[in-house]
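Engineer: Can you read through this structure? Questions will come right after.
The numbers here are math on the coordinates, done by the rules we state, and not lab data. Being a predicted model, the structure only gives us computed values, none of them experimental. No Cβ is skipped: glycine too gets one built from the backbone with ideal geometry, and neighbour counts run over all protein chains shown.
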Amino acid sequence: MRIILVGFGVVGQSLARILLQRRPELVRSYGFNPKVVAVVDKGGAAVNMRGLDLEEILSLKVKEGTVAASRDGRPDLSALEVIESVEAEVMVEVTPTNIKDGEPGLSHIKSAFRTGKSVVTTNKGPLALALPALTELAEYSGVQLRFSGTVGAGTPILDLAKKCLLGDRIISIRGVLNGTTNYILTEMEEKHISFHQALKDAQRLGYAEANPSMDVDGLDTACKIVIMANWIMGRKVTLKDVKIEGIRNVTREDLEEASRRGRTIRLLGFIDKDLKVAPTEISKGDPLAVKGVLNAVTFTSEFTGEETIIGRGAGGMATASAVLRDLINIKEALSSTL
Ligand SMILES: NC(=O)c1ccc[n+]([C@@H]2O[C@H](COP(=O)([O-])OP(=O)(O)OC[C@H]3O[C@@H](n4cnc5c(N)ncnc54)[C@H](OP(=O)(O)O)[C@@H]3O)[C@@H](O)[C@H]2O)c1
């Protein structure tokens, strides 16, 4: 399988490392023989139709700051030019999330579809803004769109719901989908500190961005709710359909008061009749009352009842493992149509 990798930051580099480490096992166990023919970052591209030397590309990225410095380097090529001119079965899109207009990821994904390439992405922006349209475009183009790393990183939340609960009907979903806000709320509760102090600690430890709005204002959770509602429940919704409230107004006193009654507060995303993100009081015994940076999602199904999956919701290697899972699934889907 020929792969174009667009974005070579934390997730892109982790994917390259996993492919290097696991190649013999991937061929043996899945008949999956990935060949990365192009890698693109902001400095340009590296292209080799026989397959790039990923070890060289990884070390050059560290030393020179861009993959375009390699012997296969093409500093003149943009991501769009690579997607349009290089032949491949799949484009992996791992550029930064942008929920204003979805760019540059949205154009990369559309261009991949137009040129007959399937897409694996961990970029929530294009999906939150346009998942129903992108799903239609992928079907129309006869290609696949996979994004299991967008929700729960390596924890297979989307796959559990889609594959393991096949045969049942999921009625509603609620979950802790953002590790940063969960860390902040846990710290406020356990250390009796304010939101601002807990946020500062989270930033110092690298759990929160310098601009924490995506996390603390509930936008990241809302993006994940949109992705789950489309993929799992077949709803045709986008970010504007979600009612969103973040955690800025949750106080230490709110958490202390809840704690006295055996309860706690978590930022939950809900998919029911409506789509909602809000700080919510739950029992301390609720499986969603996870601590620190964990994520947890409870599915309520018609016959199975409630089931909860818990796991780490971020991390380069974990997210890259979800990309690999998607690539193997695409390989299997492509083989079954031959
Ligand atoms: N990290 C995680 O744990 C995690 C978990 C789940 C989902 N995600 C999502 O996965 C995506 C990637 O995350 P990340 O942590 O790998 O981000 P990152 O470290 O910031 O890397 C982003 C990469 O995209 C490249 N890029 C930006 N604009 C570009 C353009 N116009 N053309 C080509 N390349 C471009 C950057 O190039 P330069 O290297 O030249 O700057 C960089 O290599 C994001 O959407 C993120 O929200 C991340």
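Engineer: Efficiency by 1/(1 + (r/R0)^6): what FRET value for ASP272 and ARG71, r their Cβ-Cβ distance, R0 = 45 Å, to the nearest 0.05?
Structural biologist: 0.25
Engineer: Further question: Taking the simple approach of a point 7 Å from Cα along Cα-to-Cβ for both SER78 and TYR30, what is their distance in nm?
Structural biologist: For the pair SER78/TYR30, the computed spacing is 3.2 nm.
Engineer: In addition: Calculate how steeply helix 54-64 sits against the longest principal axis of the alpha-carbon atoms of the chain, using the helix alpha-carbon long axis, and give the answer as 0 to 90 degrees to the nearest 10.
Structural biologist: 70
Engineer: Quick one: Karplus J couplings for the stretch 284-297, per residue in order, coefficients 6.51, -1.76, 1.60, θ = phi - 60°, nearest Hz, x for Gly and Pro?
Structural biologist: Whole-Hz 3J(HN,Hα) from phi for the stretch 284-297: 5, x, 5, x, 7, 7, 6, 10, x, 8, 5, 10, 8, 9.
Engineer: Here's a follow-up. What residues of the stretch 167-205 lie in the reach of a label at GLU257, counting those whose backbone N is under 19 Å from a point 7 Å from the Cα along Cα→Cβ?
Structural biologist: Within reach of a label on GLU257, which here means backbone N under 19 Å from a point 7 Å along Cα→Cβ, the stretch 167-205 contributes 185-186, 188-196.
Engineer: Just flag the GluC sites (Glu not before Pro) in the stretch 37-123 sitting in loop per DSSP whose Cβ has no more than 14 other Cβ atoms within 10 Å.
Structural biologist: GLU87
Engineer: Apply the Debye scattering formula to the chain, with a single equal point scatterer on each alpha-carbon and no solvent, then give log10 I(q)/I(0) at q = 0.09, 0.11 Å⁻¹.
Structural biologist: The computed values of log10 I(q)/I(0) come out as -0.49, -0.73.
Engineer: While we're here: Listing ASP159, ASP168, ASP220 from the residue with the fewest other Cβ atoms within 10 Å to the one with the most, what is the order? Mind showing how you got there, number by number?
Structural biologist: Numbers: ASP159 19, ASP168 15, ASP220 27.
Listed from fewest to most nearby Cβ atoms, that is ASP168, ASP159, ASP220.
Engineer: Take the alpha carbon atoms of the stretch 138-173, find their center, do the same for the stretch 256-326, and report the distance between the two centers in whole angstrom.
Structural biologist: 17
Engineer: Also, quick follow-up: Can you sort HIS192, HIS108 so the residue with the fewest Cβ neighbours within 10 Å comes first? The partial results should precede the final answer.
Structural biologist: Details: HIS192 13, HIS108 27.
Least crowded to most crowded, the residues run HIS192, HIS108.
Engineer: In the structure shown, do any of LYS162/LYS331; LYS240/LYS284; LYS124/LYS162; LYS236/LYS331; LYS236/LYS276 have a Cα-Cα gap over 23 Å, and if so which? Show your work: numbers first, answer last.
Structural biologist: Details: LYS162/LYS331 18 Å; LYS240/LYS284 32 Å; LYS124/LYS162 18 Å; LYS236/LYS331 27 Å; LYS236/LYS276 15 Å.
Listed pairs above 23 Å: LYS240/LYS284; LYS236/LYS331.
Engineer: Of all the Cα-Cα pairs you can form in the stretch 157-312, what percent are over 29 Å apart?
Structural biologist: 16
Engineer: Cut-off under 20 Å on the C-alpha distance; same-chain residues fewer than 8 positions from LYS110 excluded. Which aspartates and glutamates are left, in chain and number order?
Structural biologist: ASP41, GLU81, GLU84, GLU87, GLU89, GLU93, ASP101, GLU136, GLU139, ASP326
Engineer: Size of the dipole of the chain about the Cα centre, Lys and Arg at +1 and Asp and Glu at -1 on the beta carbon, nothing else charged, in debye to 20?
Structural biologist: In total the dipole reaches around 380 debye.
Engineer: Can you put MET49, MET188 in order of Cβ neighbours within 10 angstrom, beginning with the fewest?
Structural biologist: Fewest-to-most Cβ neighbours within 10 Å comes out as MET49, MET188.
Engineer: Using each residue's phi in the stretch 172-189, evaluate 6.51 cos²θ - 1.76 cosθ + 1.60 at θ = phi - 60° and report the 3J(HN,Hα) Karplus result to the nearest Hz, with x for Gly and Pro.
Structural biologist: Once rounded to whole Hz, the list reads 8, 9, 9, x, 8, 10, 9, x, 5, 5, 5, 5, 4, 5, 5, 5, 4, 6.
Engineer: Still on this structure: Rounded, prolate or oblate, given the Cα gyration tensor of the stretch 99-156, with a/c below 1.5 counting as rounded? Don't skip to the end; give the middle numbers.
Structural biologist: Working: a/c = 1.89, a/b = 1.28, b/c = 1.47.
Oblate, because a/c is 1.5 or more while a/b does not exceed b/c.
Engineer: Let me ask something else. Restricting to DSSP loop positions (anything but H, G, I, E, B) with no more than 13 other Cβ atoms inside 10 Å of their own Cβ, which GluC sites (Glu not before Pro) remain in the stretch 251-338?
Structural biologist: GLU302
Engineer: Also, I was wondering about something else. Could you derive backbone 3J(HN,Hα) for the stretch 105-113 from the dihedral phi with the Karplus parameters 6.51, -1.76 and 1.60 (θ = phi - 60°), listing whole Hz in sequence and x where the residue is Gly or Pro?
Structural biologist: Working through the residues one at a time gives x, 4, 5, 4, 5, 4, 5, 4, 4 Hz.
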